Amino acid sequence: MTNGYSGKAPNNPYPLFAEKRAKCPVMHGDLLIENQVPSMADYMMSGRPVMTLFRYKDIHSVLMNPKDWLSYIVGDGFGAAVDNMLLTAMDGEAHDKFRATLQKPFMRGEIRKLVDTMIRPVVMNEFIAKLRPLGKADLVRELALPFPIRAMYAYFGFPHDEDLLSNLASWAIQVVAAPQADPQLAAITVPQSMVAGQSMYDTLLPIVQAYRARGEMRADILGHMMQVEHEGNRFTDDEITLFIRMLLLAAGETTTRSFANMMVQLLENPEVLEEVRADRTLISKAVIETMRRDPTAGAVARIAARDMEIDGVTIPQGTAVLLSIASANRDPETYEDPDRLWLKRPMRPLLSFGFGPHMCMGMHMAIAEMEVALDAILDLPNLRFDPAYPHPEIRGLNMRGPDALHVLWD
């Protein structure tokens with residue numbers, strides 16, 4: 001899995017973040033652009049003024065104040081490829097109403113019902129059962145990439161069709177890859193993303209229409225969207241297709257990278273891996289603590305709705321702020337011994353899924369998928385890095401993850 005979000009940043013950016021927190025916690029400029037990584041704060045390189053925040057308390061305060069810090073810039077980059085139908089890029093009442101309408105299938109109680117009926121059977125029967133006798137695998141390619149997409153598509157209510165899954169997944173990656181730091185690359189990737197977004201729509205619409213025609217409304221996302229009312233109206237097939245396409249962009253790659261990051265960290269800390277293997281009640285803590293210590297989504301952005309001030313620094317209206325989630329997650333003012341992988345850590349509100357009203361709607365699904373997969377992997381005896389391959393490195397300033405994760409077991 002190649003990473004277009006590495007740029008010229010070091011694979012381990014945490015010493016850099018520590019320096020920024022100490023010297024310039026409210027920094028003029030865009031950390032991502034400075035490191036030749038596609039910006040979240042000025043996707044289309046329009047020259048918008050950008051500042052970068054590094055401290056937990058400052059970032060938490062921005063995320064908790066959606067009135068003064070708006071989210072619409074999230075749609076600047078690949079929003080055009082999906083007709084700007086992005087919940088993450090909505091603000092105010094429109095966002096709150098849409099989210100309230102859509103969120104029931106994503107709530108923790110609903111997702112927990114799926115663990116034994118859908119998520120665990122997919123992981124065990126379609127992936128672990130095939131891998132177990134082999135004694136070795138690239139956990140990125142053979143588990144982390146396919147399983148979140150497979151589980152999520154089942155929950156959408158899609159037919160099980162390998163070609164459909166791989167087509168939708170590759171189009172989703174093309175849409176998300178639209179923003180590029182290099183204008184020449186962007187001249188290729190932006191038009192590609194428009195074509196991919198249209199291909200997704202053209203493929204999904206007949207699936208939605210066929211589901212409605214069958215008339216059996218199951219307890220899945222398509223069934224929910226066909227029955228729920230939004231401001232007194234039911235969603236049309238076109239609206240459902242647009243929403244499903246939006247959700248697909250978030251369904252795969254972040255969970256893939258988060259799972260891979262978790263496994264690298266546990267394998268690098270075998271005493272912690274053994275702690276979880278011996279006490280499976282620690283699995284949920286392992287998921288949260290690894291997502292704190294090395295999050296996949298390293299940065300998010302907001303834009304000032306009026307003149308604001310942070311830590312004595314004025315941020316004029318219309319200025320974007322890049323929020324370094326990865327830096328906040330290792331802020332020693334918030335987390336004791338922040339570099340350590342410590343499962344009994346007293347937790348603070350985790351910023352890795354965002355926070356406040358825009359907190360990632362798919363959070364509970366992602367966590368459940370990672371917990372089930374970790375539980376299954378822990379049953380492989382003597383799991384270890386495969387010495388025949390280079391040691392995997394988590395890299396990238398944003399969308400962090402290893403390219404491969406080769407392991408052996410007995």
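Accessible surface area normalised per residue over the chain is 41 Å², counting heavy atoms of protein chains with a 1.4 Å rolling probe.
Per atom type, the chain shows carbon and sulfur on 55% of its accessible surface, probed at 1.4 Å.
Could you please tell me the mean projected area of the C-alpha convex hull for the stretch 138-258, averaged over all directions and given in square nanometres to one decimal?
With every direction weighted equally, the projected area is 9.0 nm².
Where in the stretch 288-318 does the label zone of Lys57 land, with the point 7 angstrom along Cα→C-beta and an amide N cut-off under 19 Å? Flagged as within label range: 308-315. Of interest is the spacing of the C-alpha centroids, which for the stretch 42-62 and the stretch 353-410 amounts to 27 Å. Highest GNM mean-square fluctuation among Ala18, Ala376, Ala213, for the chain modelled with Cα contacts below 10 Å: Ala213.
A Cβ-based charge dipole, computed about the Cα centre of the chain with Lys and Arg at +1 and Asp and Glu at -1, lands at about 500 debye. Couplings 3J(HN,Hα) for the stretch 218-223, derived from phi with the Karplus relation 6.51 cos²θ - 1.76 cosθ + 1.60 (θ = phi - 60°), are 8, 7, 10, 5, 4, x Hz, where x marks Gly and Pro.
Spacing of the modelled spin labels on Val313 and Asp116, each 7 Å from Cα toward Cβ, amounts to 5.1 nm. Sequence-distant contacts, meaning Cα pairs under 8 Å at least 6 residues apart, place the relative contact order of the chain at 29 percent. For the chain, the membrane-span-like helices by this rule, meaning whole DSSP H stretches whose C-alpha atoms cover at least 27 Å of axis and whose Kyte-Doolittle mean is 0.0 or above, are 183-214; this says nothing about an actual membrane.
Database remark: amide H of Val321 closer than 5 angstrom to the amide H of Met51, Arg302, Ile303, Ala304 (H placed geometrically; neighbours at sequence offset of 5 or more, or on other chains; Pro and chain starts carry no H).
Placing R0 at 35 angstrom, the Cβ-Cβ distance between Ile173 and Glu271 gives a FRET efficiency of 0.45 after rounding to 0.05. Within straight-line reach of Lys20, meaning a Cα separation under 18 Å, sit the following lysines at least 8 residues removed in sequence or on another chain: Lys8, Lys57. The lysines within cross-link reach of Lys104, meaning a Cα-to-Cα straight distance under 19 Å and a gap of 8 or more places when in the same chain, are Lys113.
Here the simple spin-label model places points 7 Å from the Cα toward Cβ, and for Ser46 and Gln209 these points are separated by 3.6 nm.
Put simply, the chain fits an ellipsoid with semi-axes of 30, 29, 20 Å; these come from the alpha carbon gyration tensor as the roots of five times its eigenvalues, largest first.
Taking 7 Å steps out from each Cα toward its Cβ at Ala187 and Ala278 produces label points 6.1 nm apart.
The values are calculated or read from the model by the stated rules, or taken from the named source; none is laboratory data. Every value quoted in this text rests on a predicted model; they were computed, and no experiment measured them. No Cβ is skipped: glycine too gets one built from the backbone with ideal geometry, and neighbour counts run over all protein chains shown. Note: areas computed on protein heavy atoms with side chains; ligands, DNA, RNA excluded. Shrake-Rupley method; radii C 1.70, N 1.55, O 1.52, S 1.80 Å.
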